[in-house]
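> Take a look at this one; I'll ask things after.
The values are calculated or read from the model by the stated rules, or taken from the named source; none is laboratory data. The structure presented is a predicted model; accordingly, all values stated were derived computationally and were not measured. Cβ atoms come from the backbone with ideal geometry, glycine included; neighbour counts cover every protein chain shown.
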């Protein structure tokens, strides 16, 4: 089986190949999915989604359980699922959290957006996030003003 360095684009493809290499027949109705569910403690439905949904990826906790069941290093699954970029490990970098821009670039790749639109996707997402932050800041400022008005009213004579 290929290593995570040249894993297929989707986690589901990688997971299917890794499960089959570990001896699980994950064809629906053959028992491999149920066996994986039992071994990992993850529901059969979640195992099925991880195997069948090319855009999905399990949670980090589920990946740890799957790694144990398949006899793989969790790092391999985190890379295959796109939580960690292979080049970070290949360069010998310390494993670090992705920056927001790296998360957005990885999301653009997972969405199969053509490379020329990656930067547009990142900019639009950044603008949306900035707008949301601004709305939250405005709402928090308004709440502080309202609280100050209520406090003044309570402290006023006859109030």
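> State all residues of the range 11-45 that are in contact with a helix residue (DSSP H, G or I) (Cβ under 7 Å, 6 or more places away or on another chain) and over 19 Å from residue 76 (Cβ atoms); if no residue qualifies, say none.
Within the range 11-45, 25, 32, 33, 34, 37, 41, 43, 44 meet the criteria.
> From the list 67, 141, which residue is at pLDDT 85 or above and farther than 18 Å from residue 11 by Cα?
When all the criteria are applied, what remains is 141.
> Would you check which residues across the range 26-70 are outside any helix (DSSP H, G or I) and either closer than 20 Å to residue 83 by Cα or under 22 Å from the mean Cα position of the chain (by Cα) (or both) and list them?
Within the range 26-70, 41, 42, 43, 53, 54, 55, 56, 57, 58, 59 meet the criteria.
> In this structure, is residue 81 within 24 Å of residue 112 (Cβ to Cβ) and in contact with a helix residue (DSSP H, G or I) (Cβ under 6 Å, 6 or more places away or on another chain)?
Yes, satisfied.
Every residue, every condition in (1) surrounded by 10 or more Cβ atoms within 10 Å (Cβ to Cβ); (2) at pLDDT 85 or above; (3) within 27 Å of residue 55 (Cα to Cα), yes or no:
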{"site": "97", "(1), (2), (3)": "no, no, yes"}
{"site": "102", "(1), (2), (3)": "yes, no, yes"}
{"site": "108", "(1), (2), (3)": "yes, no, yes"}
{"site": "121", "(1), (2), (3)": "yes, yes, yes"}
{"site": "124", "(1), (2), (3)": "yes, yes, yes"}
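> Right, something else. Which residues, counting only those in the range 39-53, are in contact (Cβ under 8 Å) with a residue 40 or more places away in the chain and surrounded by 14 or more Cβ atoms within 10 Å (Cβ to Cβ)?
52
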